[in-house]
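Novice: Below are the structure tokens for one structure; questions will follow.
The values are calculated or read from the model by the stated rules, or taken from the named source; none is laboratory data. All figures in this text were calculated on a predicted structure; none of them were measured in a lab. Glycine gets a Cβ as well: all are built from the backbone with ideal geometry, and neighbour counts include every protein chain shown.
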Amino acid sequence: MVNLSTVYSNVTQGLILDNTTEIIRVTVLILIVLSFTVFYHWLAMILHVYLTSPNLQEMARYVLFIHMLVNDTLYLLISFFMFVSSVYLLYMPVPVCYALSTFTTSSFRITPYNLAIMSVERYIAICYPLRHGETCNVRWCNYMIVLMWALGLVPIAVDFIAMNFSVSRDFYSLYMICNWLSFSKNEVQSTIRSLVLILSFSMVGLIIGYTYIKVMMVALKISSSKSSAFKAGKTVLLHAFQLFLCITSFSSTFTDMYLRKNYAFVPSVNFFFFMCLPRFISPLIYGIRDNVFRKYTQNIFTPICLKGP
């Protein structure tokens, strides 16, 4: 009788935990969908302003900002699809999963690179204003975008070569639950990934720190809180904050490692707070701070009766 009671208690407790986990997962999914709705509404407004303003399309800061915004949008879409497929155990062909994982991994690295280039553009605008027009043009932006994607894809190519030494010939004909960690087959790959992430974020951090110091030195010489140099310094500081938000995503690795065994809903919470939320917040903050986007937003949300004839 005691044994049956114990078994019944364990089963009941397991069902409660399963129900709690599923409730939390569904809640997180609803939060993500609501956040996506707000994010894509804001994205549509920004793109509308950008595409209907030829002068903005010729300015480096806006070209780079739109590139970052589109990159983050694609990253969120594909990451969300991979997240749902992994949570609900959806199997897909290995080549398809690898292609999706390759894009999300590269896209994840592109955002910090984009922030660094945007900081460099502000640095040139303030410290070398006479050279800004001829240096930071659309062609320069295109070169920088190509460089960013090259830096994001080259490590993937090296990782792919290293992985193929440890997989069988029929590996690419299999089906799997899509997760980038599933393609980590040897220590060489782990070393490459760690080095790339450390070097990438260290390099970006140094660039943003250097440009911020240089811009603020110019701002202090001008001694005006309303000067363009002070505004540029605040912009670079915002880029540092955005970089910090990107770095917080690494904490999900540790929480997954230590808490997932006891709390099955941890991956869902991590995905929302560490993967999605930083990319939802960053473009919103940057867009609201910009005078052009802010004026357009105010015109949309100002009641017609208050606009006057």
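Novice: Within region 100-125, count every residue that is over 18 Å from the mean Cα position of the chain (by Cα) and either under 30 Å from Ser182 (Cα atoms) or aliphatic (A, V, I, L, M) (or both). Lay out the reasoning, then the answer.
Specialist: As a first pass, look at region 100-125 and keep what is over 18 Å from the mean Cα position of the chain (by Cα): 120-125.
Restricting the remaining residues to those that are either under 30 Å from Ser182 (Cα atoms) or aliphatic (A, V, I, L, M) (or both) gives 120, 124-125.
So the count comes out to 3.
Novice: May I ask you to verify whether Ala116 is under 17 Å from Gly152 (Cβ atoms) and at pLDDT 90 or above? So that I can check it myself, show each step before the final result.
Specialist: Values: under 17 Å from Gly152 (Cβ atoms): yes; at pLDDT 90 or above: no.
In short, no.
Novice: Given Tyr128, Tyr88, which one is over 30 Å from Ile30 (Cβ atoms) and either hydroxyl-bearing (Ser, Thr, Tyr) or under 15 Å from the mean Cα position of the chain (by Cα) (or both)?
Specialist: Tyr128
Novice: Out of Thr73, Thr37, report the one residue that is assigned to a helix (DSSP H, G or I), in contact (Cβ under 8 Å) with a residue 12 or more places away in the chain and β-branched (Val, Ile, Thr).
Specialist: The match here is Thr73.
Novice: Quick check: is even one residue across region 143-154 surrounded by 20 or more Cβ atoms within 10 Å (Cβ to Cβ), modelled with pLDDT of 85 or more, touching a Ser or Thr at 6+ places or on another chain (Cβ under 8 Å) and closer than 24 Å to Val204 by Cβ?
Specialist: Scanning region 143-154 turns up at least one residue that is surrounded by 20 or more Cβ atoms within 10 Å (Cβ to Cβ), modelled with pLDDT of 85 or more, touching a Ser or Thr at 6+ places or on another chain (Cβ under 8 Å) and closer than 24 Å to Val204 by Cβ.
Novice: Return only the number of the condition from (1) among the β-branched types (Val, Ile, Thr); (2) out of contact with any Ser or Thr (no Cβ under 6 Å at 6 or more places or on another chain); (3) farther than 19 Å from Thr102 by Cα that Thr191 does not satisfy.
Specialist: Exception for Thr191: condition (3).
Novice: Before we move on, is Thr104 surrounded by 16 or more Cβ atoms within 10 Å (Cβ to Cβ), of a type in the set (Ser, Thr, Tyr), out of contact with any Lys or Arg (no Cβ under 6 Å at 6 or more places or on another chain) and at negative phi?
Specialist: yes
Novice: Could you check region 30-58 and list, in sequence order, the residues that are of a type in the set (S, T, N, Q) and modelled with pLDDT under 80? Don't jump to the end; show me each part of the working.
Specialist: Here is the first cut: in region 30-58, the ones of a type in the set (S, T, N, Q) are 35, 37, 52-53, 55, 57.
Answer for region 30-58, where residues must be of a type in the set (S, T, N, Q) and modelled with pLDDT under 80: just Ser35.
Novice: Give Leu181, Leu174 a once-over and let me know the one that is at pLDDT below 85 and of a type in the set (A, V, I, L, M, F, W, C).
Specialist: Checking each option against the conditions leaves just Leu181.
Novice: Quick check on Asp170: is it among the acidic types (Asp, Glu) and free of Cβ contacts under 8 Å to residues at least 12 places away in the same chain?
Specialist: yes
Novice: Kindly indicate whether any position in region 68-82 is acidic (Asp, Glu), closer than 25 Å to Phe160 by Cβ and at pLDDT 85 or above.
Specialist: Checked region 68-82: at least one residue is acidic (Asp, Glu), closer than 25 Å to Phe160 by Cβ and at pLDDT 85 or above.
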